[in-house]
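*Asks:* One structure coming up, written as structure tokens, with questions to follow.
The values are calculated or read from the model by the stated rules, or taken from the named source; none is laboratory data. Note that the structure is predicted; figures quoted are calculated from it, not measured. A quick note on method: Cβ atoms are made from the backbone with ideal geometry, for glycine too, and the neighbour counts reach across all protein chains shown.
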Amino acid sequence: MRYISTRGGVAPLTFSQAVMMGLATDGGLLLPEAIPTVAPDQWRAWADLPFQDLAVAVMALFIGAEEIPRADLQELVRRSFATFSHPDITPVVPLGRGHVLELFHGPTLAFKDVALQFLGNLFEYLLARDGGILNILGATSGDTGSAAIHGVRGKRGINIFILHPHQRVSPIQERQMTTVLDANVHNIAVQGDFDDGQRIVKTLFNDLEFRNAYSLGAVNSINWARILAQVVYFVHAWGRVTGGAVERRVTFAVPTGNFGDIFAGYVARRMGLPMERLILATNRNDILTRFVRTGAYRTGQVQPTVSPSMDIQVSSNFERFLYYLVNGDCSRVRGFMTELATTGGFAVTPEELERTAEVFEAAAVSEAETIDQIRATWREHRYLLDPHTAVGVRAVGDRVGVICLATAHPAKFGEAVQRAIGQPPELPPALAELHGKATRLTVLPADAGQVKRFMVQTLAAGR
Ligand SMILES: *Cc1c(COP(=O)(O)O)cnc(C)c1O
């Protein structure tokens, strides 16, 4: 399996090279040259596999055995999910007339652990095998940062620099990052919003001289390995809900920000997983919902919400979908991205919009609706939703049998829960013990040059 860039400017890469490159050197995103398809019999056979075995089977389709021997992949997967507190890793639970896919049983209690526990081990494995070091640079709206930090803390050959928007992540999210005092962990609070952080990261990745001299690596959802790990739970959930009945096509609802999680669902669908549609659920930062409805992708101002991990106006993974939408025409992808950078938006053709609608439905959920959904679900089912999951559940509406991805544990967003049900959520031990721990962070202006200087100085000091 070879990997290529959405913008067509990178010679085909191996899986390992694609993982180490993160963002493609031509500014695009990396994708497998072809998405493998899986026959109905195979889906049926996979339906009752334990999560770890399924993960190996799915990932093996995208990773050459000559590159990572299967026994090594198995061991990587085993270690990555040993940190989860639930035996099913990502259990599906019934809720009302549908299901919730609980993705929050990892160390930081958000779905990003699924991919980042794996990515941390994968990086360590590749660096030990091929030599070299890696300086991970990423921007977070809250959950990616802590999941990434917990994925690589203390790992040899790896430093991690995580930018989060200063005082715009929840207190618990902040503490989950800044209480990790391992010498290889560096938290930077940027005086701006998430998009500022993301822009700085992109700028530094496009500074090829810096990037090469300092071996920068990515953990944002632009890294292909993250998408790959997330494909697994769509398959797993389908198997649990249908029991392997391939004629049963299911619909997933996905609370969406950077389009990473839902893109993994799209990949699963392209692999042939019996899937009806993907419901794209956004909060009032609704650029993606507007796109699905109108075909125009136009950025606006980021508005803070109670679901901050989805407060995003430029969804970095969206370019991957665009690539497929234009049937791999890289020059059109480049055209879209140039137009986006120069005019703040672009539009696809009516025919392309129609094809988008065959896969995606979309709904934007307001703040009041989000809080109301947490309250209503609690009252009716005594099940506590976090505000991101509440956006997804609200977007499902009256549809029956939908599997909604539960992307975070409610205790991570206590303030919203308190507002909804009049009492704070019970803190699981992993969160309760954060209180009173020592923290470390550096506050910097939203300026790529200053972040670069901080990194250079920190690494020169050998910290
Ligand atoms: C990151 C995140 C999302 C959005 O996921 P994307 O892959 O960026 O679309 C939703 N909910 C929570 C809790 C998150 O941490």
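*Asks:* If you check 380, 369, 352, which single one turns out to be closer than 14 Å to residue 305 by Cβ, in contact (Cβ under 8 Å) with a residue 12 or more places away in the chain and more than 22 Å from the chain's Cα centre (by Cα)? Break it down stepwise before answering.
*Replies:* Values: 380 fails: closer than 14 Å to residue 305 by Cβ; 352 fails: closer than 14 Å to residue 305 by Cβ.
The match here is 369.
*Asks:* Then there is this: For region 239-267, which positions are under 16 Å from residue 277 (Cβ atoms), in contact (Cβ under 8 Å) with a residue 40 or more places away in the chain and small (Gly, Ala, Ser)?
*Replies:* 253
*Asks:* Could I ask something else about it? Do any helices (runs of 4 or more DSSP H) lying entirely in region 194-259 carry at least 1 residues that are within 16 Å of the ligand (Cβ to nearest atom) and farther than 23 Å from residue 132 by Cβ, and which ones are they?
*Replies:* 194-206, 224-242
*Asks:* In addition: Residue 276 versus (1) assigned to a loop (DSSP other than H, G, I, E, B); (2) over 19 Å from the mean Cα position of the chain (by Cα): which is the lone unmet condition?
*Replies:* (1)
*Asks:* Same structure, new question: Being part of a loop (DSSP other than H, G, I, E, B) and under 18 Å from residue 344 (Cα atoms) is the filter here, so list the residues in region 290-309 that pass it.
*Replies:* Answer for region 290-309, where residues must be part of a loop (DSSP other than H, G, I, E, B) and under 18 Å from residue 344 (Cα atoms): 295, 299, 300, 301, 302, 303.
*Asks:* Hey, another quick one. Can we say residue 127 is touching a residue at least 12 places away in the same chain (Cβ under 8 Å), touching a strand residue (DSSP E or B) at 6+ places or on another chain (Cβ under 7 Å) and more than 28 Å from residue 60 (Cβ to Cβ)?
*Replies:* On the way: touching a residue at least 12 places away in the same chain (Cβ under 8 Å): yes; touching a strand residue (DSSP E or B) at 6+ places or on another chain (Cβ under 7 Å): yes; more than 28 Å from residue 60 (Cβ to Cβ): no.
For residue 127, the condition - touching a residue at least 12 places away in the same chain (Cβ under 8 Å), touching a strand residue (DSSP E or B) at 6+ places or on another chain (Cβ under 7 Å) and more than 28 Å from residue 60 (Cβ to Cβ) - is not met.
*Asks:* Return yes or no: is residue 251 surrounded by fewer than 24 Cβ atoms within 10 Å (Cβ to Cβ) and closer than 22 Å to residue 110 by Cα?
*Replies:* Criteria met by residue 251.
*Asks:* May I pose another question? Please find, among 229, 264, 281, the residue that is among the hydrophobic types (A, V, I, L, M, F, W, C), out of contact with any Lys or Arg (no Cβ under 9 Å at 6 or more places or on another chain) and within 16 Å of residue 317 (Cβ to Cβ).
*Replies:* 229
*Asks:* Let me ask you something else. Determine if region 142-154 includes at least one residue that is among the charged types (D, E, K, R), surrounded by 20 or more Cβ atoms within 10 Å (Cβ to Cβ) and under 17 Å from the mean Cα position of the chain (by Cα). Reasoning before the result, please.
*Replies:* Taking region 142-154 as the starting set, the residues that turn out to be among the charged types (D, E, K, R) are 143, 153.
Right, trim to surrounded by 20 or more Cβ atoms within 10 Å (Cβ to Cβ) and you get 143.
Keeping just the survivors that are under 17 Å from the mean Cα position of the chain (by Cα) gives 143.
Yes: one or more hits.
*Asks:* Another question, if that's okay. Can we say residue 323 is aromatic (Phe, Trp, Tyr) and surrounded by 20 or more Cβ atoms within 10 Å (Cβ to Cβ)?
*Replies:* It is true that residue 323 is aromatic (Phe, Trp, Tyr) and surrounded by 20 or more Cβ atoms within 10 Å (Cβ to Cβ).
*Asks:* Continuing with this model, one more query. Pull out all pairs, ordered by first then second residue, where Cβ-Cβ is under 8 Å, the residues are six or more apart or on different chains, the first lies in region 422-436 and is within 11 Å of residue 172 (Cα to Cα), and the second is basic (Lys, Arg) and at pLDDT 90 or above.
*Replies:* 431/412; 434/175; 435/175
*Asks:* Condition first: surrounded by 16 or more Cβ atoms within 10 Å (Cβ to Cβ) and free of Cβ contacts under 8 Å to residues at least 60 places away in the same chain. Can you find one or more residues in region 33-51 that meet it?
*Replies:* No, there is no match, as no residue in region 33-51 is surrounded by 16 or more Cβ atoms within 10 Å (Cβ to Cβ) and free of Cβ contacts under 8 Å to residues at least 60 places away in the same chain.
*Asks:* Given the residues 83, 37, 25, which is the only one that is over 30 Å from residue 338 (Cβ atoms), within 22 Å of the chain's Cα centre (by Cα), of a type in the set (Ser, Thr, Tyr) and part of a loop (DSSP other than H, G, I, E, B)? Steps first, please.
*Replies:* Values: 37 fails: within 22 Å of the chain's Cα centre (by Cα); 25 fails: over 30 Å from residue 338 (Cβ atoms).
When all the criteria are applied, what remains is 83.
*Asks:* What residue, among those in region 162-179 that are assigned to a helix (DSSP H, G or I) and among the aliphatic types (A, V, I, L, M), is modelled with the lowest pLDDT?
*Replies:* Of region 162-179, the ones assigned to a helix (DSSP H, G or I) are 171-178.
Still in the running and among the aliphatic types (A, V, I, L, M): 172, 177.
On the way: 172: 88, 177: 96.
Per the criteria, the residue is 172.
*Asks:* Here is a follow-up. Criterion first (crowded, with 22+ Cβ neighbours inside 10 Å, in contact (Cβ under 8 Å) with a residue 60 or more places away in the chain, away from the ligand (no atom under 16 Å from the Cβ) and closer than 19 Å to residue 317 by Cβ) does residue 136 satisfy it?
*Replies:* Considered against the rule, which asks whether it is crowded, with 22+ Cβ neighbours inside 10 Å, in contact (Cβ under 8 Å) with a residue 60 or more places away in the chain, away from the ligand (no atom under 16 Å from the Cβ) and closer than 19 Å to residue 317 by Cβ, residue 136 comes out as yes.
*Asks:* Report yes if residue 199 is surrounded by fewer than 22 Cβ atoms within 10 Å (Cβ to Cβ), touching a residue at least 12 places away in the same chain (Cβ under 8 Å) and within 19 Å of the chain's Cα centre (by Cα), otherwise no.
*Replies:* Judged against the criteria, residue 199 is a match.
Here's the yes/no breakdown for (1) within 27 Å of residue 110 (Cβ to Cβ); (2) touching a Ser or Thr at 6+ places or on another chain (Cβ under 6 Å); (3) not acidic (Asp, Glu):
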position	(1), (2), (3)
6	yes, no, yes
22	yes, no, yes
37	no, no, yes
41	no, no, no
52	yes, no, yes
64	no, no, yes
69	no, no, yes
77	yes, no, yes
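*Asks:* What residue, of 237, 218, is closer than 30 Å to residue 51 by Cβ, of a type in the set (A, V, I, L, M, F, W, C) and in contact with a His (Cβ under 8 Å, 6 or more places away or on another chain)?
*Replies:* After applying the criteria, what remains is 237.
*Asks:* Select from region 260-279 the residues that are surrounded by 22 or more Cβ atoms within 10 Å (Cβ to Cβ) and either of a type outside the set (A, V, I, L, M, F, W, C) or near the ligand (Cβ under 9 Å from one of its atoms) (or both) and write down the one among them that is nearest to residue 102 (Cα to Cα).
*Replies:* Taking the candidates together, the pick is 261.
*Asks:* Taking region 314-333, which residues are farther than 16 Å from residue 3 by Cα, of a type in the set (S, T, N, Q) and within 16 Å of the ligand (Cβ to nearest atom)?
*Replies:* Answer for region 314-333, where residues must be farther than 16 Å from residue 3 by Cα, of a type in the set (S, T, N, Q) and within 16 Å of the ligand (Cβ to nearest atom): 315, 316.
*Asks:* Then there is this: For region 160-177, name all the residues that are surrounded by fewer than 24 Cβ atoms within 10 Å (Cβ to Cβ) and more than 14 Å from residue 197 (Cα to Cα).
*Replies:* Correct list: 170, 171, 172, 174, 175.
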